[in-house]
Amino acid sequence: MTLLIYLFPAMMDLVVGSSLFVASVRLAADNASPVAVTTVLALNSVSYLLATQFMGWIVTEKNAGNIITLSSLCSACFSILFIVFPGFLCLYFFVMIQAFAMAGFFVPFQIFMKKVEGGKGQGIIKSTALYTLAWSGGMAMGPFVAGYLWEATAWQWCFVLNSLMALLTAAGVFYINKTVLEKRNQIVRQDEASGEIEPYSKMPNLVRVSWLFGGLACLVWISIRAYFPSTGNHVEMPKAAQGEVLGLLLGAQAITGLCFYRSKTWMYRVGPMFFFGVLGVLGVFCFALQKAFIWYYLGALLLGIYAGAFFFYFVFHAISHPTRSARYVSINEGVIGTVGLIGPFIAGLLATKVSPEFPYYVGALLMAIVVFSQALVHRRYIPAVKELRWTLSRVSSVN
């Protein structure tokens, strides 16, 4: 039953990915400027940023399920508004109000899933991996499904599907929430008895490190997602192929997140993050090679692998804290909203003022700086990692 909850972020991110893809491609196809196209994701991000901070103050373990249900219903209604009022000015407004509804889903959901998993050490690893798989997979399917559905029918049907997904999510969360509340006392007792979370709660608090380096990496990631439709239009790439590239990026991200299902210590180590970071730098650089479409697919694959790693890292260090996870999650989402506002505008301006491939060169350079700096910071925690390994082996032998 607990695995069922991870369908919900997949479905809601399908809504997000589809909406942003259709909105961006509609503008690009109308020969809008790169800044006008990237403004879609920027407005989505600023609204999401403000909404997540509001949610951080009102969300509790008790009301998380109800907030998720209400927000999903609102998202279903907003999806229909995209069809009823198809103008571009209305499009910008609906992107913003839908982002507010999405904040009402994703902030409380991370608290909701932690409650369902009991807040245990390995439960946190499991929920982080499955959550990364779910939301990344959903966002991957968004542009992929929207691209083909648009080619086969019309863009309006993408929003009909989005509304249906949001309604199914609302119904599913309502049902699971009732089940979870009935078992809540039992879960709390199991959590208190297990003590599995203790090894991670005693580790150095790296949430601020994750906000800095994860935020900068996300700046590059979200800029590429926002700017790529303009690149696709510039090189005359079919809409379906653009959807495939963005789908591959997020699909690789989702599968990478799932691969961390049985993780133990890599979130604190130097080597793994450096390895994934190098893949990310190479991936961004591939997007600058606008000679053949194959480079976009390769870049999406490499960048997606890195993104799966840093998003797992990002979420884990927020929800693993024993007492501040709700606040940390809201700040996490706020960081994403902030870079989502800044990144698309920077990418659009660089493309307009310099050249179409210049945003990718800048992104590769910034990501290289992030990778090397993060490796230097993590060297300080090598003794703590050794202690964590010993503690985990002791807990495993006891259990």
Let me confirm something: among ALA375, ALA351, which residue is more than 24 Å from CYS259 (Cβ to Cβ) and of a type outside the set (S, T, N, Q)?
ALA351
Qualifying position, being more than 21 Å from LEU206 (Cα to Cα) and either surrounded by 20 or more Cβ atoms within 10 Å (Cβ to Cβ) or touching a Pro at 6+ places or on another chain (Cβ under 7 Å) (or both), among ALA292, ALA300, ALA318, ALA309:
ALA300
Any idea which of (1) buried (at least 19 other Cβ atoms within 10 Å of the Cβ); (2) over 29 Å from LYS115 (Cβ atoms); (3) modelled with pLDDT under 85 is the one PHE228 doesn't satisfy?
(3)
Got at least one residue in segment 66-77 being touching a Cys at 6+ places or on another chain (Cβ under 6 Å), of a type outside the set (S, T, N, Q) and within 19 Å of MET11 (Cα to Cα)?
no
Residues that are modelled with pLDDT of 60 or more, outside any helix (DSSP H, G or I) and of a type outside the set (Lys, Arg), drawn from segment 165-213
MET203, PRO204, ASN205, LEU206
May I ask you to verify whether LEU41 is at pLDDT below 90, closer than 28 Å to ALA129 by Cα and crowded, with 24+ Cβ neighbours inside 10 Å?
yes
Over segment 255-275, the set of residues surrounded by fewer than 19 Cβ atoms within 10 Å (Cβ to Cβ) and not charged (D, E, K, R) is ILE255, LEU258, CYS259, TYR261, SER263, THR265, TRP266, VAL270, GLY271, PRO272, PHE274, PHE275
Is there a residue in segment 208-221 that is polar (S, T, N, Q), under 19 Å from HIS378 (Cα atoms), surrounded by 21 or more Cβ atoms within 10 Å (Cβ to Cβ) and in contact with a Phe, Trp or Tyr (Cβ under 9 Å, 6 or more places away or on another chain)?
yes
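The values are calculated or read from the model by the stated rules, or taken from the named source; none is laboratory data. All values reported here derive from a predicted model rather than from experimental measurement. Note: ideal-geometry Cβ built from the backbone for every residue, glycine included; neighbour counts use all protein chains shown.
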